[in-house]
Amino acid sequence: MKWILFFVIPIFVVGCRGQVVEEIKEGKRHLQHLNLVGADLSGMDLKNADFTNSNLKNCNLAKTNLIGSKLVSVNFQGAYLDQANLEDTDCRGADFLHAHLEHATFRNADLTHARFIGADLKKADFRESRGLTDEMKQHLAGKGALVD
């Protein structure tokens with residue numbers, strides 16, 4: 001019985017994730033508390049989506065439009081957000097540990113308590129963002145990000 005559960009549960013989770021990705025493509029925007037580890041959402045228009053408390057670890061979000069989205073306490077660890085647009089987002093408490101953020105835009109985003117440890121920040125734009133301490137701004141600038 002344990003072996004059956006070992007194989008059935010991962011298939012069910014992968015199947016559910018695929019269904020959620022299809023719903024996102026169809027315009028679903030209330031996406032709180034989801035586990036989308038490793039999903040490919042690259043190039044999608046996710047403007048004003050609410051991913052609060054979702055797990056987007058290792059997701060491909062390259063060139064994704066997230067303008068105005070609610071990304072509170074989202075796990076972006078290892079995610080690819082190269083050239084993603086995160087303008088006007090609420091990223092309070094988001095975790096970008098080891099995320100790839102080259103050329104991502106965070107203008108006017110609320111980044112209070114967000115973490116960027118080990119992230120690739122080359123040319124990421126944090127100008128006019130809110131909630132960053134002076135120490136964090138120095139850290140971001142030292143990694144090649146654009147800050148005020």
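Read-outs throughout are calculated quantities, based only on the coordinates presented, and are distinct from any laboratory measurement. Quick caveat, the model's predicted, so the values are computed rather than measured. Note: ideal-geometry Cβ built from the backbone for every residue, glycine included; neighbour counts use all protein chains shown.
If the condition is being out of contact with any His (no Cβ under 8 Å at 6 or more places or on another chain) and outside any loop (DSSP other than H, G, I, E, B), then the range 71-99 contributes 75, 85, 90, 95.
With respect to the conditions (1) in contact with a Ser or Thr (Cβ under 6 Å, 6 or more places away or on another chain); (2) without any contact (Cβ under 8 Å) to a residue 24 or more places away in the chain, residue 56 falls short on a single one, namely (1).
Okay, residues lined up against (1) surrounded by fewer than 16 Cβ atoms within 10 Å (Cβ to Cβ); (2) outside any loop (DSSP other than H, G, I, E, B); (3) of a type in the set (D, E, K, R):
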{"position": "102", "(1), (2), (3)": "no, no, yes"}
{"position": "112", "(1), (2), (3)": "no, no, no"}
{"position": "122", "(1), (2), (3)": "yes, no, yes"}
{"position": "132", "(1), (2), (3)": "no, no, no"}
{"position": "135", "(1), (2), (3)": "yes, yes, yes"}
{"position": "138", "(1), (2), (3)": "yes, yes, no"}
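Among the listed residues 43, 38, 68, which satisfies the condition of being in contact with a helix residue (DSSP H, G or I) (Cβ under 9 Å, 6 or more places away or on another chain), assigned to a loop (DSSP other than H, G, I, E, B), at positive phi and surrounded by fewer than 19 Cβ atoms within 10 Å (Cβ to Cβ)?
Matching residue, one of 43, 38, 68: 38.
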